[in-house]
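A short worksheet on the structure shown next.
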Amino acid sequence: MSGGLRAGVELGGTKTIAVIGREREILERIAFPTTTPDETLGAVADQLRVWHRQYQPEALGIASFGPIALGARHVVRGHMLPTPKAGWSGADILGVLSGAMPGPVALHTDVTAAALAEQRWGAARGLEDLVYITVGTGVGMGIIAGGRPVTGRMHPEAGHLRVPRLPGDDFAGVCLFHGDCLEGLASGPAIAARTGMTADVLPQDHPAWLPVADALAEGIAALMLTLACERIVIGGGVGLGRPHLLAMAKARIAAKLGGYLPSLDDAEIGAMIVPAALGSDAGPLGALALAELALTGGASVPAQDGGC
């Protein structure tokens, strides 16, 4: 009883979700805590075997936190690369999960999967060139160009772009690798380190929002200049949970561009940069979208490298 059914797995840093569905309809959803690779991947693989017997889904999509080796020429493709998530470096994500469900499989990052879901059913529906930015525990980006997920040597890591700082801002940033990159300045942990308060309780008029919004505006302006994308979709716990942050960032983008893109006035910027529409379903739906790409041959990984 396949009937166009797909299976999807969203492997998150704290929670993993497995789904079975058709198009945007999720028929079953089961959540697992993300603990050790053996425990978490084993539990998910067991569930996939159950669904394989029960539903015979036609393909599997895996949306994983990263960094993860995606390129076909990578000697450990499908494995987790060095990650701050304890015990997960080197974990064989693709091998364990694909072994539980015969058929086409596509693997990509969770943020790229969310970009695919927003492109297909959400805030960027019908567009071929977009960026999905999640602002939460980290800052991650999924890039869709010409309708395909961007994967070159690895997946995009534009959340680690270095951005200019506001004059006089001496906050060191929290990124373990770069300090004051975009993630180090604008993520939830960065806000907490700067203020001693989490983003969900920080007053809207707190002065710390200004450098956070400015960093986000710098990053978005850089994306506009490099990718010429049709839409930029903002998601994540901070990005969606504190909508004034997006408003503050958008108000600063025209000045960052300095008139170089004169067609992008404030109204056009407002229409181009939008909040995500799918909320917490973006990841699971994105995994189903990856499964569809695996089935149709449109997925760029892991079978072959896609260009940037």
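Every number in this text was worked out from the coordinates using simple rules, so none of it is lab data. Small disclaimer: the values here were computed from a predicted structure and weren't measured. Using ideal geometry, Cβ is built from the backbone for each residue, glycine included, and neighbour counts are taken over all protein chains shown.
Things to note:
- Calculated diffusion of segment 79-138, Stokes-Einstein form, Kirkwood radius summed over Cα pairs, 20 °C and 1.002 mPa s, µm²/s: 155 µm²/s
- Taking each DSSP H run with n ≥ 4 as -39500 (n - 2.57) and averaging over every residue of the chain yields -11000 deg cm²/dmol at 222 nm.
- Cα extents of segment 144-196 along the three principal axes, largest first (Å): 40, 22, 19
- Inter-centroid distance (Cα atoms) of segment 8-22 relative to segment 72-150, Å: 12 Å
- Summing charges over all other residues whose Cβ lies under 12 Å from the Cβ of Cys181, with Lys and Arg as +1 and Asp and Glu as -1, gives -2.
- Antiparallel %, DSSP beta bridges [both residues in segment 123-277], to 5: 55 percent
- Multiplying the residue separation of Lys85 and Gln54 by 0.36 nm and subtracting their alpha-carbon distance yields 7.8 nm.
- Assuming charge only on the beta carbon of Lys and Arg (+1) and of Asp and Glu (-1), the dipole of the chain about its Cα centre is about 360 debye to the nearest 20.
- Distant-in-sequence amide H partners of Ser89 (H built 1.01 Å from N, under 5 Å): Thr83
- Taken along the Cα-to-beta-carbon direction at a fixed 7 Å, the label points for His244 and Thr198 span 1.9 nm.
- FRET efficiency, Leu127 to Asp170 (Cβ-Cβ, R0 41 Å, nearest 0.05): 0.55
- Alpha carbon convex hull of the chain, volume per residue in cubic angstrom: 122 Å³
- Distance between the pseudo-spin-label points of Thr36 and Phe177 (7 Å out from Cα toward the beta carbon): 2.7 nm.
- Charge dipole (the chain, unit charges on Cβ, about Cα centre) - positive-most of Gly142, Val238, Ala193: Gly142
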